[in-house]
Amino acid sequence: MPDSPLEYLRRACQAPPMPSADWLRSAGHAVMDAMLADHLHLGEAGVGRSGTRDELEALLREPPPETGADLERVLAELETNVIGRSLRPSHPRFLAFIPAAPTFVSVLGDALAANANLFAGVWKEAAGAAQVELIVLDWFKQFLGYPREALGLLTSGGSEANLTALVVARERLAFPDRERAVLYASEHRHWSVDRAAKIIGLRPAQIRALPCDAEYRLRMDALEAAIAEDERAGRLPWLVLANAGATNTGSVDPLKAIADVCARRGLWLHVDAAYGWPICLTAEGKTLLNGIERADSITLDPHKWFAQPYEAGGLLVRDGSRLAETFRMRPEYMQDVIPNADEINFCDQGIALTRRFRALKIWFSIKLLGIAWFRQLIEHSCALAAYAEALLERAGFAITSRRKLSVVCFRYVPSSRGVRYSEPRGSDDALQLAIADELMKDGRAFISTTRLDGRNTLRFCFVNWRTSAADVELIVGLLKEIGSRLEKS
Ligand SMILES: Cc1ncc(COP(=O)(O)O)c(C=O)c1O
């Protein structure tokens, strides 16, 4: 008997075959074993290795398989050809850029979030997720001394947070004024600010890159002069973007003085604390960040110095209602999930509608480890930077930027010259890049370079709970050895 049309249709939409519960269980254990092995032994090998496009094509290019392969084989391929062809920001001797080293508790939290797959965009669909995000943001506000009424959201990272802040701050400008609005920031701002400004349609001339003092902090005289000049010229001073932990040096701009200027002149103050914000957990940081509580908005990234896996950025806005005023949309297909007055749809607070449950990993790790653990992490990182600075000086390096938060910058000084940073410009500039490159090839550590005062400089950034004094000793020794070898050649 042939199928009736209804039976035929029914058979066509039966669920596709899925792996059995037994297979899932053994795969789950195998994946967890692989993750733990990686987590526990990460520091024992080198920082990882990269590869050329040709090499990676040869290793990984294939047509999509019609049938599934063996788990063991795929895990081995992942370990060797994918993770094995990458540098590891969580490695204890990865001190380049601003690294990240999540705790395993946070990794588990992220896995739980992926599995639950809650839709963290609207309250009615995932009230639990929204409430946890509110609580995590409230904890951050409390750490920073920020007003309780402020609101915010978790973002993919600092770039999205900075962009979101600029959109909110721009919203209060009348359309004709947007053309003449001016943003002020130090020459050491993060480039995500320039990109955000570009996205919102600012011309490059609407960004004032202002000079810094000897400690790489925004100069107040330059800020005041630029504002006055723009006012005279009929432009509209609009927003000051202050660093709380500049990417290059870790410097913190004079937040209190900047807040005074902004208050006096009615300018929006946005603090980019993407990297530096967790210093507020320490006594040193409370003094350093004094004034941040007066900001109109703050970028803060848990995936930098707060031991969370990518992606976890965040934004706080003092007058929280501005977020929804800027982003809220009410399309007809969302009419069933309009929140009650005391509820919050996080899709109304920013750019994304569909959002993963980012707050879970943060909440999970704070609850399981306690804030004391995070405070120790920050103090440990600062102590490592101070120790590195002392070792570098003893080994004859020139310190180009003394420890700020957990960043220290330095140059290798050729032995013929003696430790004097005021060497003729450029004379040993290429050597600094060559040293970093050689260290990368060695594979035992990875550091990055940047430019300060027009010259190349080496740089350490410590954010990793795995990094120890022995790691610092090893890296300083390696740099010294590489420097003297390259200098002779
Ligand atoms: C000060 C600062 N702001 C913003 C960003 C951008 O953050 P993300 O890379 O998470 O987009 C960074 C990244 O290093 C940063 O250091």
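Figure legend. Inter-residue proximity from segment 137-157: first residues assigned by TED's automatic domain parsing to the domain that holds ASP319 and over 15 Å from CYS280 (Cα atoms), second residues buried (at least 23 other Cβ atoms within 10 Å of the Cβ) and basic (Lys, Arg), beta-carbon distance below 7 Å, spacing 6+ or different chains. Indicated pairs: LEU154/ARG358. Within the option set VAL122, VAL136, VAL167, being within 16 Å of the ligand (Cβ to nearest atom), β-branched (Val, Ile, Thr) and not in a strand (DSSP E or B) holds for one residue only, VAL167. Restricting segment 6-25 to residues that are open to solvent by less than 100 Å² (accessible area, probe 1.4 Å) and of a type in the set (A, V, I, L, M, F, W, C), the residue that is nearest to GLU72 (Cα to Cα) is LEU24. The set of residues in segment 139-164 being away from the ligand (no atom under 16 Å from the Cβ) and in contact with a strand residue (DSSP E or B) (Cβ under 9 Å, 6 or more places away or on another chain) consists of LYS141, TYR146, ALA150, LEU151.
Checking each residue in segment 176-193 for being assigned to a helix (DSSP H, G or I), open to solvent by less than 50 Å² (accessible area, probe 1.4 Å) and either at pLDDT below 95 or within 16 Å of the ligand (Cβ to nearest atom) (or both) picks out SER192, VAL193. Considering only residues in segment 281-299 that are more than 10 Å from the ligand (Cβ to nearest atom) and surrounded by 24 or more Cβ atoms within 10 Å (Cβ to Cβ), the one that is farthest from PRO99 (Cα to Cα) turns out to be ALA295. Looking at segment 397-418, which of its residues are part of a loop (DSSP other than H, G, I, E, B) and in contact with a helix residue (DSSP H, G or I) (Cβ under 7 Å, 6 or more places away or on another chain)? Listed by number, the residues that qualify are LEU405, SER406, TYR412, PRO414, SER415.
One line per residue, one yes/no per condition, for (1) farther than 27 Å from GLU187 by Cβ; (2) open to solvent by 10 Å² or more (accessible area, probe 1.4 Å); (3) at pLDDT 95 or above:
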{"residue": "LEU405", "(1), (2), (3)": "no, no, yes"}
{"residue": "VAL408", "(1), (2), (3)": "no, no, yes"}
{"residue": "ARG411", "(1), (2), (3)": "no, no, yes"}
{"residue": "TYR421", "(1), (2), (3)": "no, yes, no"}
{"residue": "ARG425", "(1), (2), (3)": "no, yes, no"}
{"residue": "GLN432", "(1), (2), (3)": "no, no, yes"}
{"residue": "LEU439", "(1), (2), (3)": "yes, no, yes"}
{"residue": "THR457", "(1), (2), (3)": "no, no, yes"}
{"residue": "PHE462", "(1), (2), (3)": "no, no, yes"}
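The values are calculated or read from the model by the stated rules, or taken from the named source; none is laboratory data. Owing to the predicted nature of the structure, the values given are computational and were not obtained by experimental measurement. A quick note on method: Cβ atoms are made from the backbone with ideal geometry, for glycine too, and the neighbour counts reach across all protein chains shown. The area values use the complete protein model at the heavy-atom level, side chains included, leaving out ligands, DNA and RNA. Shrake-Rupley method; radii C 1.70, N 1.55, O 1.52, S 1.80 Å.
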